[in-house]
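Colleague: Let me begin by handing over the structure; questions about it come next.
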Ligand code: CP
């Protein structure tokens, strides 16, 4: 495995499966009363968050602590970043403090690559979401959750039919998932209004549909995406009501899904917009499992990047 995890493209199929298998082993360990492993004792992980986060930041912190690493949480609010300090000077500061790994979330696409490629610091860099580009550990925890529910916790995702629905244009989760799901053999269909699809979507190798209602029962997984209002400078759909009617997962659509289909959402959810409360809380929903699995998957990423084989 590379020293950094910046994109799903950094992983071969075998490496991705190995990471999921490692996460499964680590999940078993964390279910024991002790919960902790000494693997990263003496190592320092810095969580460097330039954008808000609940799930990713907390689960990286829990993952690092369960591997016995020292964790420093660093957010824009309350740091010299808010005074205009550059990414380079921040990285040099982290290097001086002896950071062995940096988990970075940044609003600019490519920020994690820049941190890794400039050699400002010697530690591993993990991309925890960069702009609209990628969120590789989210895709890995999603694949882990799909595998756990539909593939008896092993191997690839060959033969599964996955729908990714909603604001694909602004979604780093969608980009990382398309890369990983296809790498693992799943068939991916993107369902969105034309205004919320990237211009180059035809080069992604997925099916693309504008209609959420056709063939709903053919999917094994329906992954809903958050409508990212904070990244929208224009009107991308006529109204929220219209969006929910055409692209929201509601009780009527939920009833049409096949019996084994699971419902996913990376969070945070806009309940009532892209997903109704009864869909989010239904017995098909694995949304809480996704959050839980995030800890084991991030433990696996830290373990493989920093702890050796
Ligand atoms: N899915 C996800 O990245 O959530 P957070 O923004 O809360 O980290």
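Just so it is clear, none of the values below were taken in a lab; they were calculated from the coordinates. Since the structure is predicted, the reported quantities are computational estimates derived from the model, not experimental observations. No Cβ is skipped: glycine too gets one built from the backbone with ideal geometry, and neighbour counts run over all protein chains shown.
Colleague: Any chance you could check the Cα centroid distance between the stretch 179-221 and the stretch 244-286 for me, in angstrom?
Modeller: Value for the Cα centre distance between the two parts: 17 Å.
Colleague: Mind ranking 285-298, 136-149, 29-42 by how tightly packed they are, going by the mean number of other C-beta atoms within 10 angstrom, highest first?
Modeller: On the way: 285-298: 21.3, 136-149: 25.2, 29-42: 12.1.
Per-residue Cβ counts within 10 Å, averaged per peptide and sorted highest first, yield 136-149, 285-298, 29-42.
Colleague: Where does each of 74-87, 189-202 land if you order them by average Cβ count within 10 Å, highest first? Don't skip to the answer; put the middle values down first.
Modeller: Numbers: 74-87: 12.6, 189-202: 16.6.
Answer by packing, highest mean first, reads 189-202, 74-87.
Colleague: Give the shape of the stretch 1-74 as rounded, prolate or oblate, defined through the alpha-carbon gyration tensor: a ≥ b ≥ c are the square roots of its eigenvalues, a/c under 1.5 means rounded, and otherwise the shape is prolate if a/b is larger than b/c and oblate if not. If you can, show how the numbers build up before the last one.
Modeller: On the way: a/c = 1.65, a/b = 1.05, b/c = 1.58.
The shape class here is oblate.
Colleague: Packing-wise, with mean Cβ within 10 Å as the measure, how do 208-216, 261-269 rank, highest first?
Modeller: On the way: 208-216: 14.2, 261-269: 21.0.
With the highest mean Cβ count within 10 Å placed first, the list reads 261-269, 208-216.
Colleague: Name the shape class, rounded, prolate or oblate, that the alpha-carbon gyration tensor gives for the stretch 227-308, where a ≥ b ≥ c are the square roots of its eigenvalues, rounded holds for a/c under 1.5, and otherwise prolate holds if a/b is larger than b/c and oblate otherwise.
Modeller: Oblate.
Colleague: Please give the calculated 222 nm ellipticity per residue for the chain, where each DSSP H segment of at least 4 residues contributes -39500 (n - 2.57) and the sum is spread over every residue; nearest 500 deg cm²/dmol? Provide the component values of the computation, followed by the final result.
Modeller: Numbers: 10 runs with 112 residues, N = 309.
Helices in the chain give a 222 nm mean residue ellipticity of -11000 deg cm²/dmol.
Colleague: For residue 34 and residue 259, calculate 0.36 nm times their separation in residues minus their Cα-Cα distance, and state this gained length in nm to one decimal.
Modeller: Values: separation 225, 0.36 × 225 = 81.00 nm, distance 3.71 nm.
Value of the extension gain: 77.3 nm.
Colleague: Okay, next question. Report, as a whole number in µm² per second, the diffusion coefficient that Stokes-Einstein gives for the stretch 136-287 at 20 °C and 1.002 mPa s using the Kirkwood radius over alpha carbon pairs.
Modeller: On the way: Rh = 15.3 Å.
Once the numbers are plugged in, D ends up at 140 µm²/s.
Colleague: Based on other C-beta atoms within 10 Å, arrange 1, 299 from fewest to most. The partial results should precede the final answer.
Modeller: On the way: 1 16, 299 29.
Least to most surrounded, the residues fall as 1, 299.
Colleague: Pull out a ≥ b ≥ c, the square roots of the eigenvalues of the alpha-carbon gyration tensor of the stretch 75-171, then state rounded if a/c is under 1.5, prolate if not and a/b is larger than b/c, and oblate in the remaining case. Write down the numbers at each step before the final one.
Modeller: Values: a/c = 3.08, a/b = 2.01, b/c = 1.54.
Prolate is the answer for the stretch 75-171, as a/c is 1.5 or above and a/b outweighs b/c.
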